[in-house]
Amino acid sequence: MDVPGGDFLFFGGMILLFGWLATHYARRLLTVTRALRAGGRAEGTCVRIEQEPYNRSDARQHFFAFRTPDGRQIEFEDLASRSVRVGDPVTVAYDPAAPERTATVAGRGHWSPVLQYGVLVAGCGLAAAGFAAVFLLTVV
């Protein structure tokens with residue numbers, strides 16, 4: 001069944017979705033870069049791992065915690081590999097001016113956070129551009 005305007009709706013939705021994701025991850029990439037440059041480092045731990053609905057194995061959220069030099073405990077979510085378990089020690093990089101917003105896992109045994117978010121930005125950006133190209137080719 002052909003829905004009038006269905007192509008516009010589908011491709012428009014995909015362009016908006018992947019464009020938004022690319023923008024979201026680009027902002028996080030800038031934040032992570034700022035944290036790495038600021039030089040704040042602390043030892044942290046993985047405090048919990050949450051499963052997404054329907055227990056999809058690929059949809060896990062990792063939460064980490066660390067203490068700033070002034071004694072505040074900061075908890076944040078970040079990307080992590082499947083090998084990270086609750087209680088595992090990690091090195092946290094953060095901007096001392098805003099540790100709640102800039103904390104990221106950065107240390108041996110982990111992918112570079114710049115590389116992780118760079119790949120996400122590139123992938124989502126390419127997906128948005130690909131949907132836009134296909135959309136333009138089908139409309140013309």
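Quick notes on this one:
- A simple spin-label model places the labels of Ile49 and Leu115 2.1 nm from each other, with each point 7 Å out along Cα-to-Cβ.
- Isotropic mean projected area of the C-alpha convex hull, the stretch 81-140 (nm²): 6.5 nm²
- Split the accessible area of the chain by element, probe 1.4 Å, and carbon with sulfur accounts for 61%.
- Angstrom value of the Kirkwood radius, inverse mean 1/r, which spans all Cα pairs in the stretch 3-76: 16.0 Å
- Normalised per residue, the accessible area of the chain is 64 Å², obtained with a 1.4 Å probe and no contribution from ligands, DNA or RNA.
- Using alpha-carbon coordinates, inclination of helix 113-139 to the longest axis of the chain, degrees: 10 degrees
- Globularity ratio of the stretch 1-45, using Cα Rg and 2.2 N^0.38 Å: 2.03
- Rule-of-thumb Rg ratio for the stretch 64-109 [Cα; 2.2 N^0.38 Å; N residues]: 1.13
- Candidates Glu50, Glu100, Glu77, ranked by Gaussian network fluctuation over the chain, Cα under 10 Å, top entry: Glu50
- Sites Thr33 and Phe63 - FRET efficiency at Förster radius 25 Å, r taken between beta-carbons, to 0.05: 0.70
- Debye-sum result for the stretch 16-140 in log10 I(q)/I(0), which assumes one identical scatterer on each alpha carbon, at q = 0.09, 0.10, 0.12 Å⁻¹: -0.31, -0.38, -0.52
- Principal-axis tilt of helix 6-38 within the chain, Cα atoms, nearest 10 degrees: 20 degrees
The values are calculated or read from the model by the stated rules, or taken from the named source; none is laboratory data. In this text, all values refer to a predicted model and were calculated from it rather than measured experimentally. In this analysis, Cβ positions are derived from the backbone assuming ideal geometry, glycine residues included, and neighbour counts consider all displayed protein chains. Protein only, heavy atoms only, side chains kept; ligands, DNA and RNA dropped before computing areas. Shrake-Rupley method; radii C 1.70, N 1.55, O 1.52, S 1.80 Å.
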